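Beneath this line is the structure, given in structure tokens, with notes to follow.
Please treat every number below as a calculation from the coordinates, not as lab data. If you're wondering where the values come from, they're calculated on a predicted model, not measured in any experiment. No Cβ is skipped: glycine too gets one built from the backbone with ideal geometry, and neighbour counts run over all protein chains shown.
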């Protein structure tokens with residue numbers, strides 16, 4: 001076997017289906033006789049429900065079901081949605097108020113589900129919703145990241161849900177006491193929407209005392225467990241499937257209330273029920289992301305070595321805990337708290353607040369973009385405050401190759417890294433040496449030019465264990481059953497490509513089977529850049545079992561000893577024979593011999609450790625001071641993803657990630673008014689990056705193979721976003737600095753940049 005694969009840029013096989021209109025998305029495959037679900041949502045951010053009369057809706061033409069929280073309770077659906085909680089600094093568990101499927105007694109954000117209508121057509125369901133009489137008494141909206149007078153939940157007095165601490169408190173204080181230089185700043189990280197190309201949707205059907213939920217999610221097993229719990233069913237009574245998915249990005253990783261409603265209605269009516277969100281509904285109900293502020297302090301010694309790092313964060317959880325919401329800015333942020341820098345005295349303090357806004361959760365990177373953004377913005381600011389070059393300040397503080405494996409202050413074990421090598425490479429590929437000439441050329445046209453650097457590192461997340469099953473079919477095809485879930489990343493290609501590399505089975509004969517809890521007993525889904533690494537590790541394990549079993553079969557068939565049979569990527573070799581059967585040939589032999597046991601092979605494998613993708617991003621921007629417009633002129637990436645299976649797919653993932661991070665840095669921003677009304681509820685008001693906003697992204701790799709898995713891989717799915725936010729922001733800051741701007745937060749929209757330039761103070 002060849003553990004690392006052949007690193008070939010194979011084109012995506014799924015694109016033939018997806019770009020020709022033959023994709024099978026949830027809305028394409030819902031049963032034709034499905035009824036339609038519509039959700040009646042709160043129009044106010046915070047209020048006590050004083051009346052909810054659904055009589056008129058129930059009597060409307062075409063309506064089959066109208067239900068409120070009381071009706072769900074009567075059907076046994078009384079539990080709230082689950083979430084992961086963290087431990088506070090005092091050892092208590094962070095607040096965990098009940099998050100009901102439908103509002104009970106109060107509403108706490110605009111868009112919260114209040115009632116559900118199921119009708120023959122979407123139009124009939126929506127018309128019936130207009131007949132619902134919803135009465136309420138307004139309550140004050142809590143919109144700030146501070147203790148408020150009106151508690152959203154009794155479990156969180158003052159709306160403080162999390163009081164978290166991570167790091168070395170005493171040591172960090174001592175480092176600051178002894179520091180030759182202390183630099184302090186503030187950094188904001190704006191709220192964004194996870195606007196996937198395909199909105200959320202599902203359908204549910206009840207048959208033979210089982211519920212089948214088809215949902216465009218990121219993994220079927222968590223949804224299966226959650227749906228069984230909420231509906232008081234045995235897990236074997238629940239099947240969850242996921243077809244083609246048009247983007248997940250963390251937002252589609254959990255079970256939302258609409259899916260439970262659809263399942264309840266399908267069971268109650270014994271008819272298939274479908275739901276699909278429109279864009280405004282998505283913006284109101286999909287989890288938001290980011291939305292935090294930081295106070296930062298950095299301690300340096302006389303040699304400008306970073307000796308202490310202290311972060312005080314306030315983060316917005318929204319109205320309830322969402323799935324991993326509490327983890328994002330605490331534990332997951334902490335995985336890469338110190339980034340690529342050698343500093344053991346660090347402290348992270350986090351206050352998490354409930355507000356009358358849509359709950360927040362994972363978005364491409366889930367805590368690691370936030371941590372890297374803060375650190376790299378802070379390093380840039382520190383360099384300016386100390387009067388030194390930002391690239392040199394980073395270089396002198398890098399963890400050195402001789403220090404690996406390196407245990408971080410938050411107990412991550414970085415296995416390998418050559419950060420200076422990558423920094424040298426990106427300086428060359430971005431033509432840093434020629435930047436000042438380009439800046440002068442821009443200045444001659446009354447434009448401000450800036451270059452920004454981000455050196456990021458991320459920690460691969462998700463379950464370390466994954467399974468794979470390979471089945472040789474009677475029609476000659478080979479199925480590989482995987483526990484991951486493609487959301488458009490190209491996994492169908494790369495999983496088949498890797499199996500082909502390891503076995504010699506032609507890739508065109510391999511079908512990837514995913515997203516069915518009946519066919520695949522266990523899996524970790526997609527998220528945290530885990531998919532290719534964990535799935536390939538499982539594939540290696542099952543291929544090892546296949547080789548062993550087929551070798552024993554061949555030895556018996558050829559009347560030779562077990563040691564006389566070997567296998568390479570092209571096929572089996574038998575000592576003393578010219579025969580060289582391929583793996584497919586041997587499977588055919590086994591079928592003819594009646595050895596059906598050799599036609600299915602299954603294995604699980606656990607990664608011995610995490611891998612840590614890292615790299616350097618450089619953005620170059622030009623700012624028009626007359627209008628505030630920011631143009632990204634060049635963007636250069638040098639990444640260390642370890643060994644790559646398919647470099648072209650890796651590059652595509654980076655390009656997409658850069659676009660998402662750049663979108664947040666330049667134009668994306670969620671806005672609420674003081675009463676909690678969402679002001680950016682459509683693409684008329686919420687800006688998204690377009691192709692014309694993006695420069696060509698120069699991409700190259702400097703691989704340092706990981707030692708934490710047999711393939712030497714490091715994930716790449718989220719790296720583009722992790723690096724691009726700070727690189728873009730630092731470039732804008734570099735352009736604005738010469739005009740006296742000393743504090744600037746995302747997004748750098750024309751209006752905001754123009755106002756920054758108009759409000760500048762004299763240079764320090």
Legend entry - Approximate shape of segment 320-371 as ellipsoid semi-axes (Cα gyration tensor, √5λ), whole Å, largest first: 24, 12, 7
Inset, instruction - Go ahead and collect, in residue order, the members of segment 601-626 whose backbone nitrogen is under 16 Å from a label point 7 Å along the Cα-Cβ direction of residue 445. - result: 620-626
Inset, instruction - Give the dimensionless ratio obtained when the Cα radius of gyration of segment 665-726 is divided by 2.2 N^0.38 Å. - result: 1.75
Inset, instruction - For segment 56-100, just the Cα atoms, rotate onto the principal axes and tell me the three extents in Å, largest first. - result: 56, 16, 14
Inset, instruction - For segment 1-81, count all C-alpha to C-alpha pairs, find those more than 17 Å apart, and express that count as a whole percent of the total. - result: 74 percent
Legend entry - residue 50-residue 507 FRET efficiency (beta carbon distance; Förster radius 45 Å; 0.05 resolution): 0.10
Inset, instruction - Work out, step by step, the length gained on full extension between residue 19 and residue 696: first 0.36 nm times the residue separation, then minus their alpha carbon distance; give nm to one decimal. - result: 241.5 nm
Legend entry - Mean shadow area of segment 183-224 over all directions, Cα convex hull, nm²: 5.7 nm²
Legend entry - Quotient of C-alpha Rg and 2.2 N^0.38 Å, computed over segment 590-707: 1.69
Inset, instruction - Would you please give the FRET efficiency between residue 170 and residue 413, computed as 1/(1 + (r/R0)^6) with r the Cβ-Cβ distance and R0 = 25 Å, to the nearest 0.05? - result: 0.60
Legend entry - Relative contact order (%) - segment 571-681, alpha-carbon pairs under 8 angstrom, separation at least six: 12 percent
Legend entry - Where the Cα pairs of segment 636-682 fall when distances are cut into 10 Å bins, in %: 21, 33, 21, 16, 9, 0
Legend entry - Label-point gap, in nm, between residue 73 and residue 270 - each point 7 angstrom along Cα→Cβ: 2.8 nm
Legend entry - Protection-proxy order for peptides 325-334, 585-594, each taking the mean of Cβ atoms within 10 Å per residue, highest first: 325-334, 585-594
Legend entry - Calculated on alpha-carbon atoms, Rg and Dmax of segment 496-536 in Å: 11.8, 30
Legend entry - Contact order relative to length of segment 1-135, as percent, for alpha carbon pairs under 8 angstrom and 6 or more apart: 40 percent
Legend entry - DSSP bridge pairs, segment 211-332: antiparallel proportion in percent, nearest 5: 70 percent
Inset, instruction - With all distinct Cα pairs included, what does the Kirkwood hydrodynamic radius of segment 345-407 come out to in Å, to one decimal, could you say? - result: 14.9 Å
Inset, instruction - At a temperature of 4 °C and a viscosity of 1.567 mPa s, determine how fast segment 428-581 diffuses translationally according to Stokes-Einstein, using the Kirkwood radius over alpha-carbon pairs as Rh; express D in µm²/s, rounded to the nearest whole number. - result: 67 µm²/s
Legend entry - Label point 7 Å beyond Cα of residue 84 along Cβ direction - residues of segment 348-382 with amide nitrogen under 20 Å: 348-354, 359-373
Legend entry - Cα-based Rg of segment 544-614 normalised by 2.2 N^0.38 Å, two decimals: 1.36
Inset, instruction - Report the semi-axes of the equivalent ellipsoid for the chain in whole Å, largest first, where each axis is √(5λ) for an eigenvalue λ of the Cα gyration tensor. - result: 42, 39, 23
Legend entry - Contour minus Cα-Cα distance for residue 92 and residue 566 (0.36 nm per residue): 164.9 nm
Legend entry - Two-site label geometry, residue 303 and residue 225: point separation in nm, points 7 Å out along Cα→Cβ: 4.8 nm
Inset, instruction - May I ask you to order 720-732, 672-684 by the average number of other C-beta atoms within 10 Å around their residues, highest value first? - result: 720-732, 672-684
Legend entry - Dimensions in Å of segment 435-525 - Rg and Dmax from alpha carbons: 23.0, 71
Inset, instruction - Do me a favour and compute the ellipsoid semi-axes for segment 160-199 from its Cα gyration tensor, root of five times each eigenvalue, largest one first, whole Å. - result: 36, 16, 9
Inset, instruction - Please list 233-245, 138-150 highest first by mean number of surrounding beta-carbon atoms within 10 Å per residue. - result: 233-245, 138-150
Inset, instruction - Once every Cα of segment 490-562 carries one equal point scatterer and solvent is ignored, give the base-10 log of I(q)/I(0) from the Debye formula at q = 0.13, 0.20, 0.21, 0.25 Å⁻¹, two decimals. - result: -0.49, -0.94, -0.99, -1.20
Inset, instruction - Just round it to a whole percent: the fraction of Cα-Cα distances in segment 189-325 exceeding 20 Å. - result: 55 percent
Legend entry - Orientation-averaged projected area, Cα convex hull of segment 584-645 (nm²): 9.3 nm²
Inset, instruction - At a temperature of 10 °C and a viscosity of 1.306 mPa s, determine how fast segment 681-761 diffuses translationally according to Stokes-Einstein, using the Kirkwood radius over alpha-carbon pairs as Rh; express D in µm²/s, rounded to the nearest whole number. - result: 98 µm²/s
Legend entry - If the convex hull is drawn through the Cα atoms of segment 126-234, its volume per residue in Å³: 294 Å³
Legend entry - Whole-Å distance, taken between Cα centres, linking segment 119-155 and segment 515-586: 55 Å
Legend entry - Computed log₁₀ I(q)/I(0) - Debye formula, equal Cα scatterers, no solvent, segment 219-296, q 0.13, 0.19, 0.26 Å⁻¹: -0.50, -0.95, -1.44
Legend entry - Gyration tensor verdict on segment 1-148 (Cα atoms; rounded if a/c is under 1.5, prolate if a/b is larger than b/c, oblate otherwise): oblate
Legend entry - Rel. contact order, % - alpha carbon contacts under 8 angstrom, at least six apart, the chain: 16 percent
Inset, instruction - Could you compute the FRET efficiency for residue 429 and residue 177, with r as their C-beta to C-beta distance and R0 at 45 Å, rounded to 0.05? - result: 0.60
Legend entry - the chain - share of DSSP beta bridges that are antiparallel (%, nearest 5): 80 percent
